[in-house]
1. In whole Å, what is the distance between the alpha-carbon centres of region 26-85 and region 104-166?
2. Where does region 66-166 land on Rg/Rh, using Cα atoms and the Kirkwood Rh?
3. Take the Cα of ASP63, step 7 Å along the line toward its Cβ, and report every residue of region 124-143 whose backbone nitrogen sits under 18 Å from that point.
4. Top mean-square fluctuation among GLY126, GLY27, GLY77, Gaussian network model of the chain, C-alpha springs under 10 Å?
5. Pick from PHE48, PHE31, PHE105 the residue whose mean-square fluctuation is largest in a GNM of the chain, springs joining Cα atoms under 10 Å.
6. Carbon and sulfur: what percent of the chain's accessible surface (1.4 Å probe)?
7. Given R₀ = 25 Å, FRET efficiency for THR5-LEU163 by Cβ-Cβ distance, to 0.05?
8. Determine, from the Cβ-Cβ distance of ASP117 and ALA143 and an R0 of 45 Å, the FRET efficiency 1/(1 + (r/R0)^6), rounded to the nearest 0.05.
Amino acid sequence: MNHCTFAVYPGSFDPITNGHLDLLTRGLKLFDRIIIAVAVNPAKIPLFTIEERLELIRESLKDFPLKERVDVDAFDGLLMDYVKKVGAKAILRGLRAVSDFEYEFQMALMNRRLNSDVETFFLMTGMRWIYISSRIIKEVAMAGGCVKGLVPDPVERKLIEKLARR
Ligand code: PNS
């Protein structure tokens, strides 16, 4: 059977972290191809523009061993409209702690209501990254703290650059 499985991995990616890359690696054990889909207008006000977020993901993937199986794209509006447009049947999301669960549960069920042919797959982030989020990375970096080793190098550089401009 010649069957290629693929999933959409949506998020704000403001910015991408090592936790996201870890989840991507795990996802690629299940899916042949993953599209990282960056929400143009996430619920939160982003630090990085959509162009910056896409560029940081592309730069961060340069050293990623499985990069040939990853696409990077942006989407505006409803995630399920985007998923339909690209013809995916799976959404990939990461879970860190119980605190993520309620929001993820709501989103997954709403998305299922919008299109019951698409399933949401949750994978647990590696223990090393269980406590990091884009939000906490920004908070620490913007207050002058070191985030080396928690985000890809291009992201660390860009955070320092943003900080210097403030
Ligand atoms: O990284 P995040 O901020 O947790 O990602 C949330 C995201 C972007 C996946 C979610 O807000 C989303 O899908 N936004 C697009 C608009 C949409 O479809 N909203 C309804 C989801 S139930």
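The values are calculated or read from the model by the stated rules, or taken from the named source; none is laboratory data. For clarity, every value in this text was computed on a predicted model and none was experimentally measured. Positions of Cβ are backbone-derived with ideal geometry, glycine not excepted, and every protein chain shown enters the neighbour counts. Keep in mind that these areas ignore ligands, DNA and RNA; they rest on the heavy atoms of the full protein, side chains included. Shrake-Rupley method; radii C 1.70, N 1.55, O 1.52, S 1.80 Å.
1. Each part's Cα centre sits 12 Å from the other's.
2. Numbers: Rg = 16.7 Å, Rh = 16.2 Å.
Rg/Rh for region 66-166 comes to 1.03.
3. Residues 129 fall inside that zone.
4. Looking only at GLY126, GLY27, GLY77, the largest GNM fluctuation is found for GLY77.
5. Answer for the Gaussian network model of the chain: PHE105.
6. Values: 5370 of 9660 Å².
Looking at the chain in its full context, I get 56 percent from C and S.
7. Values: r = 40 Å, r/R0 = 1.62.
Given R0 = 25 Å and the Cβ-Cβ separation, E is 0.05.
8. Working: r = 44 Å, r/R0 = 0.99.
The formula returns an efficiency of 0.50 here.
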